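Chemist: The structure that follows is given in the form of C-alpha cells.
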C-alpha cells in the first residue's frame with residue numbers, strides 16, 4: 001500500500017483539544033482503533049494517516065470544525081462512503097479527516113416537485129428506496145450504491161449505468177448547501193428546476209472532489225418511476241455494429257434506451273468462470289451489448305419495441321445473435337453478465353485499468369488502436385473492455401497475460417496507462433470519464449490538460465480556498 | 001428609453017485605430033448608421049451607446065480584439081442576436097460592443113455521437129434545422145429562435161418550452177471554446193458525454209452573461225428525433241388541479257411529457273382578441289393547461305396514452321374539459337393559444353412582468369398569494385399568468401386595469417415587482433427563472449441574494465476578469 005506525501009507541516013499538538021472544545025462529545029476521534037475504518041479503503045491501494053477523524057452531525061458542526069482547522073492551518077479531507085476509485089479521500093499524517101457519514105437524514109420528499117432534500121451522508125441505496133416509496137425514481141445507480149454516500153457522489157460527479165438517459169450526478173441535483181474553506185456556509189439549497197440568478201455555483205462544487213468546499217446537504221431531482229423494463233443481450237461482430245445498433249435503438253425508442261452496455265468477449269468468459277454468470281448463447285462472440293429499454297407507461301409496452309429493433313438489426317445484418325429476457329429471473333441473469341465483471345476481473349488476476357471516454361463515433365477506432373498498441377507493448381495481454389457505449393465511456397481494462405506473474409504485470413501500470421491515454425487524448429477523449437482525478441490521476445491531469453485550463457482551475461481554487469486547506473494534493477495536485 | 005450609466009472613463013481616442021490595425025477590414029464599425037442595428041433592441045427598453053462595434057469572423061479575431069481592448073482598459077460587451085429580455089447586451093458610451101454574429105458556421109454534425117459543433121453566432125433555428133437534416137433533434141426552443149444566436153442562448157442559459165424534458169441550455173452543451181478577459185483562448189470544445197477531469201468550467205461560463213468570458217464556439221448535444229406528437233388543451237378549475245394532472249401525466253407517460261404549459265383565463269381571452277387564437281371550448285374556464293406528449297416511437301403510439309390520462313383525470317374530477325388535437329392544423333391551433341400570448345399581451349396594453357419560479361408544489365400558493373397581493377395593491381389589475389408548470393416557472397405578468405392609463409400603470413413597475421418578488425422569495429423561489437439578470441435585475445439581485453453567495457460570485461469574477469472589462473455592470477452590478 002502506498003503512503004502518501006510526507007507531512008507538509010505537523011498538525012498543532014493541541015488541535016484535537018481545540019476541536020473537542022468546539023464540537024460535541026464523540027465527534028473527535030483520535031484513538032487508532034476508532035480511526036481505522038476511515039483510513040482503509042476496500043481495495044487497499046492507499047492507506048490514510050490522519051491522526052484526527054471528525055464525525056459531525058450537522059452543518060453547524062461541520063462549519064465549526066472547519067473554522068478551528070482554518071485557524072490552525074490544518075488541512076481537511078472530507079470523506080463520504082470511502083468508495084471512490086482514485087484515492088480522493090486518502091489522508092496524510094498532517095491532515096484531518098472529516099466524515100460526513102452521520103449527516104444521513106432524508107429531510108424532505110416532495111413528490112409534486114420531484115425533489116428530495118438529504119444530508120450529504122445519506123447512503124445512495126437509501127435514497128433510491130425513499131424515492132421509490134414516494135412513487136418516484138432517483139436514477140443514480142452504481143456498483144457501490146450500498147455504501148456510497150450522496151455527498152461523495154456529488155463531490156465526484158458520479159456516473160454509473162443510467163447516464164445515457166438521466167445524466168451524471170451533477171444533472172440530478174437542484175440545490176446544495178456547502179461549508180466553505182473559511183467555515184462560512186453557502187445556502188444554495190434551492191428546490192428550483194429553473195433559476196437564472198447568477199453563476200452556476202452548484203456546478204462548480206459538484207465534481208470538485210472536496211477541493212472548493214464541503215457539501216453538507218443537497219436537493220436531489222426525482223423522476224417518474226419506471227414501470228416497464230425490457231432487456232436484451234446481443235452478440236456482435238465488432239464495435240461498429242454496436243454503434244449501428246445503438247443508433248437504431250435510439251431512433252426507434254428514443255429516451256427509453258436506458259442502458260447500452262458494450263462488453264468484450266473476455267468479460268463474458270470470466271463472469272461465467274468467477275461470478276455466477278451464464279452465457280445464454282450457443283457460441284462465443286467477439287463483442288456483446290446489453291440493451292435496456294425502460295419507461296413509465298403500462299407494463300409490456302416496450303417489449304414489442306425492443307423486438308422490432310432486434311428484428312430490424314437482424315435484417316440489416318448488424319446482429320449476430322440476441323436473447324431477450326422472458327422473466328424477471330432472466331432479466332437478472334442477463335444483467336449479471338454485466339454487473340459481475342468487476343468481481344470476476346479481480347479473481348482472474350491483475351488488471352491495469354482505464355476509465356476513459358471518446359466521442360461515441362470514435363469508439364471503434366479507439367478500441368482498434370488501443371488493442372493493437374497494448375498487444376504490441378505486452379504480448380498476450382487480454383482486453384477486458386466494457387462500459388457505457390452510449391456515453392462513449394469505456395472501462396478499458398487490461399487483464400494479465402496467461403501465465404505472467406501478477407506483480408510483474410502490475411509493474412507495467414504506468415507504461416500501459418501512457419500508451420492507452422495517449423491514444424485517448426489523440427482521439428479527443430478524456431482520461432477520466434467518471435471516476436475523477438483524486439490522487440491517482442493528479443499527475444496525469446497535469447500531463448494532459450491544456451495549461452490555460454489548469455491556470456483557470458488554479459485561479460478558481462485560489463478564489464474559494466486561498467489557503468489550500470481543503471483536500472490538498474487531490475485533483476490539481 | 002433608458003440610457004445607462006455615465007461613462008466611467010472615456011475610451012482612448014485612438015482605440016478604433018488600434019483595433020483596425022489588429023483586425024481585418026470591415027470588422028471595426030464606427031459610423032452611427034453601421035452601429036445602429038446593434039444598439040437598438042426590439043422592444044426599445046434600452047438604447048446602447050457604444051461608439052465602436054466589432055464584428056469578428058473567427059476565434060483568433062475575437063482574441064485579438066479582446067487583447068487590444070484589455071491593453072486599452074476598454075470594457076467589452078459581447079452580443080449575440082440581441083433578443084434577451086434583461087438588457088444584457090446594452091452598452092454605455094465608454095464600452096465596445098463585440099458582435100458574434102459572423103461566427104455562424106455549423107462546423108460539424110456527428111449523428112453517431114449525437115453532437116454538433118457550431119460557432120457562437122449560429123441562429124438557433126438554423127441549428128434546429130441542421131439537426132433535423134441529420135435525423136436528430138436539438139431541443140432548445142423559444143420564441144426568439146429565428147434571430148437568437150446560440151452563443152447568447154448559452155451565455156444566458158436560455159430556457160424555453162422543452163426544459164421539462166431536456167433541461168436548460170446548459171444541459172444541451174458538451175463543450176465550449178471561450179475567449180478569456182486577457183485574450184487567451186480556453187479550448188474546452190470537447191465532444192464528450194462524460195468527462196470528470198477537473199472543475200466544471202463549462203457550467204461556469206454558461207449563464208454568466210458574458211461577464212467571465214466570451215463564448216466563441218460550442219459542441220451541442222443532440223437527441224433522437226421526435227416522430228410522434230400529441231397535444232391536448234385542458235380546462236381546469238384551479239392550479240392545484242393542474243398540478244394533479246401534471247403528476248398523473250408524468251406517472252403514465254414519464255419523460256414523454258414534453259411540455260406542460262399553464263395559462264390563466266385572461267391569456268386565452270386576449271390571444272383570441274389580438275393574436276388569432278381560437279378557444280376550442282364552449283365555456284370560459286379560470287385556468288388552462290396545454291399538455292404535449294412526444295416520443296421517438298411509431299407515430300400514433302402516444303395518442304392512446306394521452307387519451308388514457310385525460311379519461312383518468314375526468315373520472316377523478318380533476319379536469320373540467322379537454323380537447324385533443326385531431327390534425328396537424330388543430331395541433332398548431334392549440335399551440336397558438338400558448339404561443340400567441342406575448343404578442344396579445346403587447347396589444348392589450350401595459351404589462352408588468354415577472355419571470356419567476358418556485359418549487360412546483362408551491363405554485364398554487366404562489367398564484368393565490370400573488371393574486372391577492374396584486375389586487376390589493378392595484379385594484380382592477382389583471383393577472384396574465386402563463387408558463388412552464390412542470391419547471392415551476394411562471395411568467396407572472398400583470399396587465400393594466402381596464403381604463404387605466406398605460407404610463408400610470410407602468411409607473412407601478414418597481415412597486416409591483418417588489419410585492420411579487422417578496423412572495424417568490426418567501427416561497428423559496430427565484431426572481432429570474434429563465435431570462436437572467438442583465439442590467440434589468442442587477443439591483444434586485446443585490447437586494448435578494450444571500451451575501452455569502454454574492455461574495456462567492458464576486459470572487460469568481462475577480463479570478464477570471466480582475467479588470468472587470470467583460471460586460472461590466474451586468475448581473476453582479
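Chemist: Select from the range A:168-177 the residues that are under 17 Å from residue A:103 (Cβ atoms) and at the interface with chain B (Cβ under 10 Å from one of its Cβ atoms) and list them in ascending order.
Modeler: Result: A:175, single match.
Chemist: Scan the range B:191-216 for residues that are closer than 18 Å to residue B:472 by Cβ and more than 8 Å from every other protein chain (Cβ to nearest Cβ) and jot them down.
Modeler: Scanning the range B:191-216 gives B:205, B:209, B:210, B:211, B:213, B:214, B:215.
Chemist: Could you please find all residues in the range A:143-158 being buried (at least 17 other Cβ atoms within 10 Å of the Cβ) and either free of Cβ contacts under 8 Å to residues at least 24 places away in the same chain or in the same structural domain as residue A:77 (by TED's automatic domain parsing) (or both)?
Modeler: A:145
Chemist: Is one or more of the residues making up the range A:344-355 within 14 Å of chain B (Cβ to nearest Cβ) and over 28 Å from residue A:307 (Cβ atoms)?
Modeler: There is at least one residue in the range A:344-355 that is within 14 Å of chain B (Cβ to nearest Cβ) and over 28 Å from residue A:307 (Cβ atoms).
Chemist: Residues in the range B:454-477 that are surrounded by fewer than 18 Cβ atoms within 10 Å (Cβ to Cβ) and within 24 Å of the chain's Cα centre (by Cα): how many?
Modeler: 3
Chemist: Confirm whether residue A:227 is modelled with pLDDT of 95 or more and within 14 Å of chain B (Cβ to nearest Cβ).
Modeler: Against the criterion (modelled with pLDDT of 95 or more and within 14 Å of chain B (Cβ to nearest Cβ)), residue A:227 does not qualify.
Chemist: All but one of (1) in contact (Cβ under 8 Å) with a residue 60 or more places away in the chain; (2) assigned to a helix (DSSP H, G or I); (3) touching a strand residue (DSSP E or B) at 6+ places or on another chain (Cβ under 6 Å) hold for residue A:74; state the number of the condition that does not hold.
Modeler: Tallying (1) in contact (Cβ under 8 Å) with a residue 60 or more places away in the chain; (2) assigned to a helix (DSSP H, G or I); (3) touching a strand residue (DSSP E or B) at 6+ places or on another chain (Cβ under 6 Å), residue A:74 fails exactly one: (2).
Chemist: Among the residues of the range B:132-153, are any under 28 Å from residue B:64 (Cβ atoms), part of a loop (DSSP other than H, G, I, E, B) and touching a helix residue (DSSP H, G or I) at 6+ places or on another chain (Cβ under 7 Å)?
Modeler: yes
Chemist: Which one of B:248, B:180 is more than 19 Å from the chain's Cα centre (by Cα), facing chain A (nearest Cβ under 9 Å) and surrounded by fewer than 23 Cβ atoms within 10 Å (Cβ to Cβ)?
Modeler: Exactly one residue qualifies, and that residue is B:180.
Chemist: Is it the case that residue B:82 is within 21 Å of residue B:34 (Cβ to Cβ) and either within 24 Å of the chain's Cα centre (by Cα) or in a loop (DSSP other than H, G, I, E, B) (or both)?
Modeler: Yes: the conditions hold for residue B:82.
Chemist: Pick out the one residue from B:305, B:268 that is in contact with a strand residue (DSSP E or B) (Cβ under 8 Å, 6 or more places away or on another chain) and either within 21 Å of residue B:159 (Cβ to Cβ) or within 14 Å of chain A (Cβ to nearest Cβ) (or both).
Modeler: Exactly one of B:305, B:268 is in contact with a strand residue (DSSP E or B) (Cβ under 8 Å, 6 or more places away or on another chain) and either within 21 Å of residue B:159 (Cβ to Cβ) or within 14 Å of chain A (Cβ to nearest Cβ) (or both), namely B:305.
Chemist: Given the conditions (1) within 19 Å of residue B:262 (Cβ to Cβ); (2) away from chain A (no Cβ under 14 Å); (3) out of contact with any helix residue (DSSP H, G or I) (no Cβ under 6 Å at 6 or more places or on another chain), report the number of the one that residue B:337 does not fulfil.
Modeler: All conditions are met except number (3).
Chemist: With a cut-off of at least 2 residues that are over 30 Å from residue B:252 (Cα atoms) and in contact with a helix residue (DSSP H, G or I) (Cβ under 8 Å, 6 or more places away or on another chain), name the strands (runs of 3 or more DSSP E) lying wholly within the range A:210-304.
Modeler: Filter on the range A:210-304 gives A:214-221, A:257-264, A:287-295.
Chemist: Those residues that are surrounded by 20 or more Cβ atoms within 10 Å (Cβ to Cβ) and either more than 11 Å from chain B (Cβ to nearest Cβ) or without any contact (Cβ under 8 Å) to a residue 12 or more places away in the chain (or both), I need them from the range A:422-450; list them, please.
Modeler: Selection gives A:423, A:439, A:440.
Chemist: From (1) touching a residue at least 60 places away in the same chain (Cβ under 8 Å); (2) away from every other protein chain (no Cβ under 14 Å), pick out the condition that doesn't hold for residue A:327.
Modeler: Exception for residue A:327: condition (1).
Chemist: Can you report the number of residues in the range B:370-387 which are crowded, with 18+ Cβ neighbours inside 10 Å, farther than 16 Å from residue B:270 by Cα and in contact with a helix residue (DSSP H, G or I) (Cβ under 6 Å, 6 or more places away or on another chain)?
Modeler: Selection size over the range B:370-387: 1.
Chemist: Looking at B:275, B:289, B:333, B:325, can you tell me which residue is modelled with pLDDT under 95, buried (at least 17 other Cβ atoms within 10 Å of the Cβ) and either outside the structural domain of residue B:385 (by TED's automatic domain parsing) or farther than 30 Å from residue B:415 by Cβ (or both)?
Modeler: B:275
Chemist: Determine whether residue A:24 is in contact with a helix residue (DSSP H, G or I) (Cβ under 8 Å, 6 or more places away or on another chain), surrounded by fewer than 19 Cβ atoms within 10 Å (Cβ to Cβ) and outside the structural domain of residue A:148 (by TED's automatic domain parsing).
Modeler: Against the criterion (in contact with a helix residue (DSSP H, G or I) (Cβ under 8 Å, 6 or more places away or on another chain), surrounded by fewer than 19 Cβ atoms within 10 Å (Cβ to Cβ) and outside the structural domain of residue A:148 (by TED's automatic domain parsing)), residue A:24 qualifies.
Chemist: What are the residues in the range B:114-126 that are part of a loop (DSSP other than H, G, I, E, B) and either surrounded by fewer than 24 Cβ atoms within 10 Å (Cβ to Cβ) or more than 14 Å from every other protein chain (Cβ to nearest Cβ) (or both), if any?
Modeler: B:120, B:121, B:122
Chemist: For residue A:58, work out the one condition from (1) modelled with pLDDT under 95; (2) within 22 Å of residue A:82 (Cβ to Cβ) it doesn't fulfil.
Modeler: All conditions pass for residue A:58, except number (1).
Chemist: Still on this structure, please answer the following. Name the residues in the range A:82-112 that are surrounded by 24 or more Cβ atoms within 10 Å (Cβ to Cβ) and within 14 Å of chain B (Cβ to nearest Cβ), would you?
Modeler: Listed by number, the residues that qualify are A:84, A:88.
Chemist: If you don't mind, another one. For residue A:453, which of the numbered conditions (1) outside any loop (DSSP other than H, G, I, E, B); (2) in contact (Cβ under 8 Å) with a residue 12 or more places away in the chain; (3) within 7 Å of chain B (Cβ to nearest Cβ) fails to hold?
Modeler: (2)
Chemist: Now a separate question. Surrounded by fewer than 22 Cβ atoms within 10 Å (Cβ to Cβ), closer than 17 Å to residue A:383 by Cα and touching a strand residue (DSSP E or B) at 6+ places or on another chain (Cβ under 8 Å) - does that describe any residue in the range A:227-238?
Modeler: So far as the range A:227-238 goes, yes, one or more of its residues are surrounded by fewer than 22 Cβ atoms within 10 Å (Cβ to Cβ), closer than 17 Å to residue A:383 by Cα and touching a strand residue (DSSP E or B) at 6+ places or on another chain (Cβ under 8 Å).
The values are calculated or read from the model by the stated rules, or taken from the named source; none is laboratory data. These numbers come from a predicted model, not from an experiment. Every residue, glycine among them, receives a Cβ derived from its backbone with ideal geometry; neighbour counts consider all protein chains shown.
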